[in-house]
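The values are calculated or read from the model by the stated rules, or taken from the named source; none is laboratory data. All values derive from a computational prediction rather than experimental measurement. Reconstructed Cβ throughout: ideal geometry from the backbone, glycine too, with neighbour counts over all protein chains shown.
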Amino acid sequence: MVTTNTAEAAPPGARGASRALGAAGRGGLSPRTAGLLALGFTVIIWAGFALSARALGSSTLLPADAALLRFGVPLVVLAPALWRRRHLLRAVRPGPAAKIVCGAGVPFFLMVMYGGSLTSAAFVGAIVPGMVPLFVSALVVASGRSLPRGTQTAGLVLIVTGVVALVWRHTTALDQDVLLGSGALLVASGLWALYTVGLREVELDPVGSIGLLCLPSFAVVALLVLTGVLPTGIAHAAGGDVLLFLVVQGLGVGLCAGLLYAFAIRRLGPERSAVVGSLSPVVVVLLAVPLLNESPTLSVLVGVPLITSGVVLANRRPRPKGPADA
């Protein structure tokens with residue numbers, strides 16, 4: 001679900017994971033076609049994350065159950081690879097590790113699930129990834145680096161306008177549940193921006209980054225469940241619900257999305273990946289109609305395209321000044 005500038009958000013070791021995934025492109029597919037396929041699957045997974053956040057409220061699973069699947073499944077699948085990277089994981093500095101664990105771990109997950117239960121899949125799919133560029137820009141400016149320029153500024157303005165368009169109707173009608181849910185999704189987006197910044201500061205490949213996120217996150221959720229702080233109902237949950245969240249959250253979001261996105265960046269380049277990846281909110285809206293019986297409101301039809309357009313512009317690199325511009 002990362003829709004920020006992918007050249008900066010991708011882990012430094014993405015090249016190794018790309019080579020491992022490169023076998024997908026050796027069956028006669030061109031690098032561009034293989035990259036587009038990988039990115040297409042990534043966008044669908046991101047959309048599935050937003051849809052599952054909304055669907056959790058009507059399932060037999062509780063948020064803690066979904067979190068256990070989200071963080072536990074990747075650990076089981078990647079256990080041998082993570083064991084080989086144990087020394088690299090121990091060497092990560094506490095500051096960047098905290099950004100990654102807090103930014104995409106338990107706080108982020110619970111905020112998304114809570115916000116999704118009070119709003120709609122369209123809100124989750126638009127606000128969480130859509131606001132990330134704005135929060136990342138704020139963190140960059142706060143660290144003393146340069147301000148956004150050119151189309152990046154226009155993109156950030158469009159993102160804010162789109163979010164306002166989404167929630168305006170609920171503000172005038174004083175729909176407290178939707179406003180509270182939107183606030184939780186904004187917090188989740190800010191946390192994901194923190195995660196993005198943390199990824200820049202660690203020397204781990206995508207597999208190592210997944211382990212750094214999932215190990216402490218699973219431990220925290222398990223501890224909260226065992227001590228009774230978070231209730232669990234997984235023992236009595238419907239098998240279909242468990243399977244759905246295992247596939248979407250555990251295998252999809254937790255494992256495949258990060259690896260496929262790194263592969264797509266290597267094949268397509270960061271700018272094209274960011275532009276195509278920004279279609280995630282649109283896919284969420286389209287899939288929510290048949291899967292969740294959600295009817296897009298006027299605010300969704302106005303806000304989602306604005307946010308998507310803003311993400312595209314915010315991810316464009318400013319054109320270097322040539323002699324004629326000097």
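The set of residues from region 199-208 being part of a helix (DSSP H, G or I) and either of a type in the set (A, V, I, L, M) or under 14 Å from the mean Cα position of the chain (by Cα) (or both) comprises 199, 207. None of 247, 220, 229 is surrounded by fewer than 22 Cβ atoms within 10 Å (Cβ to Cβ), of a type outside the set (Lys, Arg) and over 25 Å from residue 51 (Cα atoms) except 229.
Taken as a whole, region 86-98 holds no residue that is touching a residue at least 40 places away in the same chain (Cβ under 8 Å), buried (at least 21 other Cβ atoms within 10 Å of the Cβ) and not aromatic (Phe, Trp, Tyr). Looking at (1) modelled with pLDDT under 90; (2) buried (at least 22 other Cβ atoms within 10 Å of the Cβ), which is the only condition residue 213 fails? Looking at each condition in turn, residue 213 falls short on (1). Of the residues that make up region 159-171, is at least one touching a residue at least 12 places away in the same chain (Cβ under 8 Å), assigned to a helix (DSSP H, G or I) and within 18 Å of the chain's Cα centre (by Cα)? Yes: one or more hits. Tell me which residues, restricted to region 212-242, are more than 30 Å from residue 314 (Cβ to Cβ), assigned to a helix (DSSP H, G or I) and touching a residue at least 60 places away in the same chain (Cβ under 8 Å). Within region 212-242, 215, 216, 218, 220, 221, 222, 224, 225, 234, 236, 241, 242 meet the criteria.
Any residue in region 131-153 that is of a type in the set (Gly, Ala, Ser), surrounded by fewer than 24 Cβ atoms within 10 Å (Cβ to Cβ) and closer than 23 Å to residue 301 by Cα? First the steps, then the outcome.
Applying the first criterion (of a type in the set (Gly, Ala, Ser)) to region 131-153 yields 137-138, 142-144, 146, 150.
From the residues that got through so far, the ones that are surrounded by fewer than 24 Cβ atoms within 10 Å (Cβ to Cβ) too are 137-138, 142-144, 146, 150.
If we keep only those that are closer than 23 Å to residue 301 by Cα too, we end up with none.
Scanning region 131-153 turns up no residue that is of a type in the set (Gly, Ala, Ser), surrounded by fewer than 24 Cβ atoms within 10 Å (Cβ to Cβ) and closer than 23 Å to residue 301 by Cα.
Among the conditions (1) under 19 Å from the mean Cα position of the chain (by Cα); (2) modelled with pLDDT under 90, residue 29 misses just one, which is (1). Taking the residues in region 294-305 that are surrounded by fewer than 21 Cβ atoms within 10 Å (Cβ to Cβ) and of a type outside the set (Asp, Glu) as candidates, determine which candidate is nearest to the chain's Cα centre (by Cα). Within region 294-305, the match that is nearest to the chain's Cα centre (by Cα) is 305. Among residues of region 254-279 being within 18 Å of residue 109 (Cα to Cα) and buried (at least 24 other Cβ atoms within 10 Å of the Cβ), the one that is modelled with the lowest pLDDT is 258. Residue-level check: of (1) assigned to a helix (DSSP H, G or I); (2) among the small types (Gly, Ala, Ser); (3) over 21 Å from residue 313 (Cα atoms), residue 137 misses just (3). Residues in region 140-158 that are farther than 28 Å from residue 110 by Cα and assigned to a loop (DSSP other than H, G, I, E, B): 144, 145, 146, 147, 148, 149, 150.
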